[in-house]
1. Carbon-plus-sulfur fraction of the accessible area of the chain, 1.4 Å probe, in percent?
2. For Cα pairs less than 8 Å apart in space and 6+ apart in sequence, what is the mean separation divided by the residue count of the chain, i.e. the relative contact order in percent?
3. Kirkwood hydrodynamic radius for the range 213-332: how many Å is it when counted over pairs of different Cα atoms?
4. To the nearest 10 degrees, how steep is helix 184-195 against the longest Cα principal axis of the chain, on a 0 to 90 scale?
5. Pairs of Cα atoms under 8 Å, at least six residues apart: use those to get the relative contact order of the range 206-301, whole percent.
6. Could you order S183, S214, S224 so the one with the most accessible surface comes first? Probe is 1.4 Å.
7. Quick one: net charge of V229's neighbours, Cβ under 14 Å, K/R +1, D/E -1?
8. Would you look at the GNM of the chain, springs on alpha carbons closer than 10 Å, and say which of F58, F131, F247 moves the most?
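The values are calculated or read from the model by the stated rules, or taken from the named source; none is laboratory data. Since the model is a prediction, treat every value here as computed from it, not as a measurement. As a convention, Cβ positions derive from the backbone with ideal geometry for all residues, glycine included, and neighbour counts pool all protein chains shown. Surface areas here come from the heavy atoms of the whole protein model, side chains and all, with no ligands, DNA or RNA. Shrake-Rupley method; radii C 1.70, N 1.55, O 1.52, S 1.80 Å.
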Amino acid sequence: MFTSLEISEIKKLLNPDHKIVIITHYNPDGDAIGSSLGLKHFLKQKGLEADVIVPNDFPKFLKWMPEAKKITIAEYKRKQAGELIYYADVIFVLDFNASHRSGNLVGPWIEKAKAKKILIDHHQQPENFDFVYSDTAIPATSQMVYHFAEALGEENLINQDIAECLYTGIMTDTGGFRFRSTSATTHRIIANLIEKGADPAMITSNTWDTNTVSRLHLLSLILSRIEVVKDGKVAVLWLKRDELKEFGFQKGDTEGFVNYGLSIMGTQVSAFFMEDLYEDFIKISFRSKEDVDVNQFSRKYFNGGGHINAAGGKYFKTIEDTILDFKEKIEAEDF
């Protein structure tokens with residue numbers, strides 16, 4: 001958490017005369033949107049206005065959250081997003097550890113901005129912003145936003161809108177509270193959010209019970225050819241660009257596909273490879289169990305990173321060669 005001196009300085013920054021912007025990472029997920037909107041509503045409760053900016057569009061199943069439609073999407077509103085960042089007095093950097101994680105458009109804007117920058121994030125190796133709250137042991141940035149409200153002594157300001165956003169972020173980034181980083185503290189916070197008005201049934205239904213025909217077709221395809229290697233310890237899943245196009249892929253359709261590999265008895269790692277729809281690279285998702293560190297594996301071989309049990313990467317070969325390279329490298333890992 002921020003030191004008491006840092007909290008005192010941040011309190012001075014959070015005043016109505018300052019323009020506040022909240023930015024999250026490229027390809028925003030449930031925790032990115034949940035933490036950003038949760039913080040926006042918290043600041044609103046304090047009498048402050050803040051603009052949320054995302055580098056590119058986010059899945060439809062997250063757009064039910066309060067004021068999600070007011071988020072500025074930089075790829076669609078470049079001029080507006082650029083001006084908001086340029087004139088900002090305070091920028092909150094949420095759910096990513098380095099400027100480049102917000103993409104080639106927004107990243108340079110953050111670096112050039114004169115605003116005071118406040119990082120709240122749970123990924124490894126954070127950049128040195130003006131104020132840094134980084135804790136890799138916490139399962140979701142949305143939980144860290146809750147702790148931030150506590151540090152300010154203002155958790156009493158949490159209302160239903162805030163609770164719904166933070167609950168969504170924690171739920172999605174913990175895989176429905178299944179990942180081992182989910183702690184007793186996490187559950188206590190979830191209980192408090194429910195008391196503040198978060199409805200678990202409604203949030204789960206709006207966020208996860210949202211299958212489309214295209215998603216089910218893609219899921220059927222990927223499960224029909226799932227492969228297990230390394231003596232049954234590693235599951236491999238993949239989709240090609242022409243398959244995405246054939247079944248009418250929409251952003252978010254492949255969310256959670258990588259987790260199916262871990263549901264196979266005996267597996268410790270699941271790897272999902274997908275050709276980018278527009279550019280010539282392979283998007284990779286890794287998930288693991290127990291002490292198998294896919295974060296370091298992804299950093300070492302696949303231009304990525306993340307957490308011990310959940311990481312992503314990018315590779316600039318064909319999907320066939322990418323999978324072959326992965327199989328070769330994972331066989332050499334000792335687990």
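1. About 48 percent, which is the carbon plus sulfur part of the accessible surface.
2. 13 percent
3. 14.2 Å
4. Compared with the principal axis, the helix lies near 60 degrees.
5. Computed over the range 206-301, the figure is 24 percent.
6. Result of the area sort, largest leading: S224, S183, S214.
7. -1
8. Result: F247 has the largest fluctuation of those listed.
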